[in-house]
Amino acid sequence: MKKSLFTALLAILGIAGATTAQTTVFPRPQYIETADGEYVVTASTAIVAEVSTTAPAERFSEDMRVFFPEAKRPMKIARHGKGIKLREDPCIAAEGYEMTVTPREITITGGSEAGVYYGLQTLRQMIVTGNGRVPCCFIADEPAFAYRGAMLDVCRHFFTVEQVKRYIDILAAHKLNRFHWHLTDDQGWRIEIERYPELTVKGGTRKQTLVGHGSNSDRYDGTPHGGFYTKEQIREVIDYAAARYITVIPEIEMPGHALAAMAAYPWLGCRGADYPYEVWTRWGITPEVMCAGRETTYEFLENVLTEVIELFPSEYIHIGGDESPRDRWKECEHCQAFISEHGLDGEDGLQGYLVNRIEKWLMAHGRKMIGWDEILGCGISQTANIMSWRGAKGGIAAAKRGNDVIMTPSSHCYFDSYQTRERVGEPLAIGRHVPVEKVYAFDPYDKLEADERRHILGVQCNMWTEYIADFDHLQRMLLPRLAAICEVQWAADRRDAATLRERMEVLRRFYDACGYPYAPYFFEGKE
Ligand code: ACM
Ligand code: ZN
């Protein structure tokens, strides 16, 4: 429905003029027009799915249970009748939706099932923050970026399937559509691979964990830490995310950040099969990396990826590629012989060879590769997708050379950073200061010409968990910064810093109602 039609409809219903009712929603919708009057949603309001599938309606009905604790049954889903009507219209952008609220009914028309779902997320926030009273309005909305991601590192600290699902719930409430699952690293291998069972038997547990900061501590807790997901559990998470219109992108780190794999299968490392590699108990960058000079390493990687792509339907597969020191490669006879034999440009060329070979393998299997921005320096192809984390400069360079980019600079998007300047009594964090306002100010298009901007696929926040062992703490690191990043992702072109504070106060009521723990600093003016 267009704006003029909405005004005409309200005139027919005898309603005119503006309203002061609550229409604050995160991320900010593209267009909102309000009018007097309201529709009151209760537990007995029906969701009328005039669409092929009732799936978005079912999710909404489940999500609303927490707000109607007295209700004996979830909100009813019908195919006809009055209530919250769900429709689809292919003329609307695929993830977009329009929502019309009159005193008689609510209609949400999505460009696809996902669009309907996002419309319902908007409605959910309005219902909750307005105590069921939804103001008459017309909303037309669609995302600025196609890729709206959040990463979770389950290697440094393991999180259960239920916790991962809860993380996904929170992403969905903020209209994110990609969950980047960091599944392998030096400190733990977390995904079952049938061909290599030791990856999770030996590689899934470290004997202890550093206490204090990686930069200055030598104390350990003396307690083993481990965990992994079976294939069945991984499928459960993929399906759970898909039901919330989120694609799960797995990350399998190579050739660095792979010590857990090398502890399981020492022949993967330059020091060879007899070296007693151990799952790492410290944080940081270890010089121990996979040997890129032996065919057995490539065979391993392809066999692992074969099982990974069988599990994950995602078009993108992340292969890491960051922080891979050259020390061992310089000393390794296999790596040096490989460099000579293939005429490679030293150790950088060797990493380039590995990345290009793996990319070709993925493409031959119908997938696209993502790598951290370090791979840019190794002679990569035009089709490699770059995740820019060491600032935005890697992403800018990649976009200028025609590679597609996901922007996730640590300066604005690393949610393992402190949210406050206060350090006394604060839980330890990696460092940096990334408060809500800084996240909100991130410009993914900075320094890019109009024709280069199309290479920015989207924006992602990253949750590394060296200093986050507990899920409540994790949620407080995520919220409310996720609200800021979701407006960069969904509403980059319509951010409004001037009203951020006042709008966040409304969103806070939504977090309270959902029972989501969040950090207090932004609300207390203590950033
Ligand atoms: C990274 O933070 N090492 C990608
Ligand atoms: Zn080697």
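Quick note: the coordinates plus some simple rules give every number you see, no bench work behind them. Because the structure is predicted, anything quoted here is derived from the model rather than measured. Quick reminder, even Gly has a Cβ in these numbers, built from the backbone with ideal geometry, and neighbours come from all protein chains shown.
Considering segment 262-350, what Rg and Dmax in Å follow from its alpha-carbon atoms?
Just the Cα atoms of segment 262-350 yield Rg and Dmax of 14.2, 39 Å.
Once fully extended, how much extra length lies between His80 and Ala146, figured as 0.36 nm per residue of separation less the alpha-carbon to alpha-carbon distance? Don't jump to the answer; show the numbers that get you there.
Values: separation 66, 0.36 × 66 = 23.76 nm, distance 3.26 nm.
Extending this stretch completely gives an extra 20.5 nm.
On a 0 to 90° scale, report how tilted helix 3-12 is relative to the longest principal axis of the chain, with both axes built from alpha carbons and the result rounded to the nearest 10.
Here the helix axis deviates by roughly 30 degrees.
To the nearest whole percent, what portion of all C-alpha pairs in the chain is separated by more than 36 angstrom?
The share of Cα pairs beyond 36 Å in the chain comes to 35 percent.
Along each principal axis of its Cα atoms, how long is segment 155-220 end to end? Whole angstroms, biggest number first, please.
41, 36, 17
Cα axis of helix 500-514 to longest principal axis of the chain: angle in degrees, 0 to 90, nearest 10?
90 degrees
Excluding Thr223 itself, calculate the net charge of residues whose Cβ lies under 13 Å from the Cβ of Thr223, where each Lys or Arg counts +1 and each Asp or Glu counts -1. Walk me through the numbers on the way to the answer.
Numbers: positive: Arg206, Lys207, Arg219; negative: Asp221.
Result for the local shell: +2.
Could you pull out which residues in segment 483-527 have an amide N less than 13 Å from a spot 7 Å beyond the Cα of Glu437, following the Cα-Cβ vector?
497-502, 522-527
Report the local net charge at Ala243: Lys and Arg +1, Asp and Glu -1, summed over other residues whose C-beta lies under 12 Å from its C-beta.
Cβ neighbours under 12 Å give a net charge of -4.
What Kirkwood hydrodynamic radius, in Å, does segment 450-527 give when the mean of 1/r is taken over all pairs of distinct Cα atoms and then inverted?
Details: mean 1/r = 0.0702 Å⁻¹.
Roughly 14.2 Å, rounded to one decimal.
Tell me the Kirkwood radius of segment 308-453: reciprocal of the mean inverse pair distance over distinct alpha-carbon atoms, in Å.
This gives a value of 17.3 Å.
Among the listed pairs Lys72/Lys165; Lys202/Lys368; Lys393/Lys438; Lys202/Lys330, give every one whose C-alpha distance is greater than 19 Å.
Flagged as over cut-off: Lys72/Lys165; Lys202/Lys368; Lys202/Lys330.
Residues in segment 202-243, backbone N under 13 Å from the label point at Thr53 (7 Å along the Cα-to-beta-carbon vector): list them, ranges by number please.
In segment 202-243, the label zone of Thr53 (backbone N under 13 Å from the point 7 Å along Cα→Cβ) covers 239-243.
Neighbour counts of other C-beta atoms within 10 Å: give me Arg509, Arg367, Arg195 arranged from fewest to most.
Listed from fewest to most nearby Cβ atoms, that is Arg195, Arg509, Arg367.
Compute the signed sum of charges (Lys and Arg +1, Asp and Glu -1) over the other residues within less than 13 Å, Cβ to Cβ, of Glu302.
It works out to a net charge of -1.
For Glu310, put the label point 7 Å out on the Cα→Cβ axis and report which residues of segment 361-385 keep their amide N under 19 Å from it.
Of the residues in segment 361-385, 361-367 have backbone N under 19 Å from the label point off Glu310.
Determine, from the Cβ-Cβ distance of Arg494 and His365 and an R0 of 41 Å, the FRET efficiency 1/(1 + (r/R0)^6), rounded to the nearest 0.05.
Values: r = 39 Å, r/R0 = 0.95.
Given R0 = 41 Å and the Cβ-Cβ separation, E is 0.60.
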